[in-house]
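The values are calculated or read from the model by the stated rules, or taken from the named source; none is laboratory data. All figures in this text were calculated on a predicted structure; none of them were measured in a lab. Note that we place each Cβ from the backbone using ideal geometry, even for glycine, and neighbour counts take in every protein chain shown. Just so you know, the surface numbers come from the protein's heavy atoms only, side chains and all, with ligands and any DNA or RNA stripped out. Shrake-Rupley method; radii C 1.70, N 1.55, O 1.52, S 1.80 Å.
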Amino acid sequence: MDKIIRVALAGNTNVGKSVIFNYLTGLHQHIGNWPGKTVEKAEGTLHFKGYNIDVIDLPGVYSLSPYSLEEQITRNYIVHEKPDVLINVVDASVLERNLYFTLQLMELGRPMIIALNQIDIARKKGIDIDVEKMEKILGIPVIPTIATKGVGIFQLLEKLIDTYRRGATNRGNYIKFRKIIEDRIEKLVNMLESRGFHYPARYAAIKLLEGDEEIENEIKKLDVEIVNVAKKLAGEIEKITGRPCHEVIISERYEAASKIASEVERPVFSTRPKLTDRLHEVTTHRVWGYITMISLLVLIFYSVFSLGGYFSELLNILFYNSLEIFFLKLFESGIIGKLLWGSAEGVIAALTVALPYILPLYFILYLLEDSGYISRVAFLMDTAMHKMGLHGKAFIPLLLGFGCNVPACIGCRILETERERLIAVFVVTLVPCAAETVIILSLVGKYLGFQWALLLYLFNLLIILILGRFAFKILPGEPTALIMEMHEYRVPHLKTVLKQTWFRFYEFIKIAFPLIILGSTLIKAIEAFGLLQPLSIMFSPIIVDWLGLPMITGITLLFGILRKELTVILLSTLFGTTNLIEVPGFGPINMIVFTVVAMFYIPCISTIAALVKEIGWKKALMISLFELLFAIGLGGIIYRVLTLFI
Amino acid sequence: MSIGEASKRRVPLSALREGESGTVISILKGPGRGRRHGSARCIMEMGLTPGTKVVMISSAPFHGPVVIDVRGSRLAIGRGIAERIIVEIDEKNG
Ligand SMILES: Nc1nc2c(ncn2[C@@H]2O[C@H](COP(=O)(O)OP(=O)(O)O)[C@@H](O)[C@H]2O)c(=O)[nH]1
Ligand SMILES: [Mg+2]
């Protein structure tokens with residue numbers, strides 16, 4: 001039987017973990033979320049030299065202190081799951097910062113090897129690294145790699161097996177702090193070891209001195225005395241140095257990282273093309289930056305909308321013309337036929353949205369992220385997004401929302417904290433997507449004029465701002481300030497981007513399709529059993545009395561949950577005319593009310609599926625319910641205000 | 001102002017002009033509690049420990065974030081945080 005080796009990839013963000021992960025695992029991967037968290041979890045497997053290697057791609061982080069969810073996940077995984085070997089992926093072009101994290105990983109005391117990645121970029125920057133010297137200083141294997149070209153990956157695997165075989169003996173030379181600190185660490189280590197604490201003792205001792213609350217709480221359960229002693233020792237260090245203990249420790253680690261970096265780096269002739277620097281300057285410039293950003297976004301949206309619209313229409317025609325006839329032939333007009341056709345329609349609806357809109361927008365999102373452009377946009381839009389308590393990075397997912405809310409929700413993963421992700425997905429579901437734009441244009445735009453459509457659009461943006469601020473105010477927690485590394489621009493690695501797109505798309509499909517099929521079959525069943533009439537009578541207090549709309553529109557809103565544009569399409573069908581303005585009781589005011597309700601009343605079922613995936617059932621339902629009540633409330637108020645004035 | 005004045009001046013990081021360099025002196029406590037994202041501790045863990053050299057690269061308009069060079073890497077830092085990082089402007093800037 002094959003032996004199993006459990007391996008974890010750890011490192012800063014954008015160092016090349018995902019490229020290496022994709023290289024190692026190929027198509028044998030599974031993307032999900034960490035249990036109960038909005039952070040992505042990527043796992044995969046490979047066979048090598050008779051071993052089954054399970055690889056996990058840990059979230060990119062800068063420290064092992066629990067500032068963010070990612071950091072908590074990374075350290076808890078390593079401490080509790082104890083992977084057999086850690087692969088620390090290091091960006092050779094930013095060695096000092098990366099080594100700071102390496103030194104912390106070494107404190108955890110797991111067997112570890114370093115993938116010294118991006119040596120091509122380092123060399124362009126004029127840095128060559130003495131790998132042997134680095135190995136000697138750190139006491140762990142260092143393998144130079146260029147992940148995007150697959151260089152060094154084989155050697156990495158060989159070293160991995162080698163390290164695994166040698167087992168726990170290979171833990172490297174962790175850095176020694178100055179004596180006043182080392183002595184105190186030793187004291188704590190002795191105490192911890194005598195109590196048989198399951199944490200790596202040196203790591204726990206250092207974290208206690210740093211005042212890490214999470215670890216204090218865990219150790220309190222074991223022995224309060226240790227925590228008290230640690231506090232006393234930290235106090236002594238503060239007295240001697242005149243600085244907070246955590247500051248002393250962080251500074252010393254950085255000094256050590258800096259020293260190692262300067263010892264192993266050898267300057268070489270820089271062939272660096274100044275292009276990436278120029279690109280950085282232009283794309284963050286106070287004038288050109290915004291111009292570039294807007295042009296790029298207009299281009300993206302224009303192409304996705306026009307191509308997507310065309311493609312979507314094509315798919316529609318294709319499916320309906322071929323399938324519907326086939327279905328009706330097969331089942332005549334029996335009830336089973338109708339129900340099955342309902343399921344089929346669900347699939348068609350899902351496909352005609354997923355393929356032309358969701359898939360390309362996913363691809364663009366990952367392409368932008370991979371190239372490093374997202375961090376420039378975040379920089380440019382930080383001030384504006386702060387008005388809603390979000391930081392600049394939230395701008396991109398919000399923007400994707402105008403195309404389709406689904407990739408936008410998924411895109412919120414790039415945000416820092418759980419709270420921020422929650423605000424962002426909420427705001428995203430309010431953004432008028434392509435389908436909602438169709439409603440606005442084909443109803444208000446067509447019958448009342450373009451300026452009214454524009455007005456409604458602006459009104460929608462205003463609501464987003466107000467509700468965004470509202471969510472920001474009521475949700476507990478503090479807003480996060482921007483502090484992020486801005487990486488060099490890089491040519492995206494197409495294979496990785498395609499894989500990322502595909503696996504995330506696939507994950508979405510798995511959740512969304514069953515939901516969509518269920519929903520559309522259910523609605524067909526309601527229709528087939530003649531429940532539409534009773535239902536619309538049941539809803540009439542809301543639809544007719546409160547919103548002042550014709551009773552039948554309740555039905556279109558029900559179908560709109562599957563796909564928002566169905567609301568307008570069905571209006572024509574149900575009213576039996578394509579000139580809707582002729583319909584009695586559906587005048588300009590009613591159209592506006594109907595459009596407002598259709599924009600806000602509930603995220604479509606695909607978006608709900610994405611919400612469920614990102615924030616769980618409970619919060620997804622809460623957001624949907626809130627928006628339903630909000631839309632109905634707002635619609636009624638607008639109805640009354642408008643009748644008053646017009 | 002005279003060159004003597006320009007040296008040894010202590011200002012928030014956000015006050016550095018493009019191309020100016022300085023040394024981190026201290027980080028003021030933020031509004032939040034303890035160890036959250038954006039706390040003094042978190043800023044230090046991103047490499048801005050007292051004594052570190054920083055160079056201002058650019059700043060975004062409308063009171064936006066700044067980009068600095070620190071420890072051979074580029075960091076974008078929100079204005080709120082940049083105002084809490086106190087630096088001493090290097091003499092050779094004068
Ligand atoms: N030139 C070059 N680019 C790389 C290398 N490794 C990764 N990249 C690029 O660096 C970026 C970040 O890589 P990724 O794997 O997403 O980083 P992660 O955040 O650590 O998962 C992507 O644009 C990659 O294509 C490398 O060795 N050389
Ligand atoms: Mg990654």
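Extension gain for A:Asn217-A:Trp617 works out to 141.0 nm (0.36 nm per residue, less the C-alpha to C-alpha distance). In this structure, the amide hydrogen of A:Ile127, modeled 1.01 Å from its nitrogen in the peptide plane, lies closer than 5 angstrom to those of A:Val268, counting only residues at least 5 positions away or on a different chain. Rounded to the nearest 0.05, the FRET efficiency derived from the C-beta distance between A:Ser303 and A:Ser194 at R0 = 51 Å is 0.20. For the residues of A:433-442, the average number of beta carbons from a partner chain within 10 Å of their own beta carbon is 0. Residue-wise HN-Hα couplings along region A:303-309, as the Karplus relation 6.51 cos²θ - 1.76 cosθ + 1.60 with θ = phi - 60° gives them from phi, are 5, 5, 5, 6, 5, x, x Hz; Gly and Pro carry x. Buried area at the A:B interface is about 3600 square angstrom, summed over both chains, from accessible surfaces computed with a 1.4 angstrom probe. Only helices enter this figure: runs of n ≥ 4 DSSP H residues, each worth -39500 (n - 2.57), summed and divided by the residues of chain A, yield -20000 deg cm²/dmol at 222 nm to the nearest 500.
Couplings 3J(HN,Hα) of region A:216-221, computed from phi: 4, 4, 5, 6, 4, 4 Hz, in residue order, whole Hz [Karplus 6.51 cos²θ - 1.76 cosθ + 1.60, θ = phi - 60°; x for Gly and Pro]. Using a simple spin-label model with pseudo-atoms 7 Å out from Cα toward Cβ, A:Glu158 and A:Glu238 lie 5.2 nm apart. Share of pairwise Cα-Cα distances greater than 20 Å in region A:480-552 is 67 percent (whole percent).
Histogrammed with a bin width of 5 Å, the alpha carbon distances of region A:179-267 distribute as 3, 14, 24, 21, 15, 10, 6, 4, 2, 1, 0 percent, first bin at zero. Carbon-plus-sulfur fraction of the accessible area of chain A, 1.4 Å probe, in percent? Ligands and nucleic acids excluded, carbon and sulfur give 66 percent.
Checking the cross-link pairs A:Lys564/A:Lys619; A:Lys41/A:Lys274; A:Lys232/A:Lys473 against a 28 Å limit on the alpha carbon distance flags A:Lys41/A:Lys274; A:Lys232/A:Lys473 as lying beyond it. With a Förster radius of 60 Å applied to the beta-carbon distance between A:Leu441 and A:Lys149, the computed FRET efficiency rounds to 0.80.
Near B:Ala60, once Lys and Arg are set to +1 and Asp and Glu to -1 for all other residues with Cβ below 15 Å from its Cβ, the sum equals +3. Note that region A:197-209 has calculated 3J(HN,Hα) couplings of 5, 7, 6, x, 5, 5, 4, 4, 4, 5, 5, 5, 5 Hz, one per residue in order, obtained from phi through the Karplus relation 6.51 cos²θ - 1.76 cosθ + 1.60 (θ = phi - 60°); glycine and proline are x.
Counted residue by residue at 0.36 nm each, then reduced by the alpha carbon distance between them, the extension gain from A:Met538 to A:Asp128 reaches 140.2 nm. Semi-axis lengths, largest first, of the ellipsoid equivalent to the protein assembly as shown are 52, 30, 25 Å, with √(5λ) applied to each eigenvalue of the Cα gyration tensor. Average accessible surface for the protein assembly as shown: 42 Å² per residue, computed with a 1.4 Å probe over protein heavy atoms with every protein chain in place. Neighbouring Cβ atoms from other chains, within 10 Å of the Cβ of residues in B:74-83, number 6 on average. Here the extension length gained between A:Leu475 and A:Glu313 equals 54.2 nm, from 0.36 nm per residue of separation less the Cα-Cα distance. Given axes a ≥ b ≥ c from the Cα gyration tensor, I'd like to know whether region A:414-505 is rounded (a/c under 1.5), prolate (a/b larger than b/c) or oblate. Cα axes put region A:414-505 in the oblate bin.
Under 5 Å between amide hydrogens, built in the peptide plane, is the criterion, and for A:Cys404 it picks out A:Ala434 among residues at least 5 positions away or on other chains.
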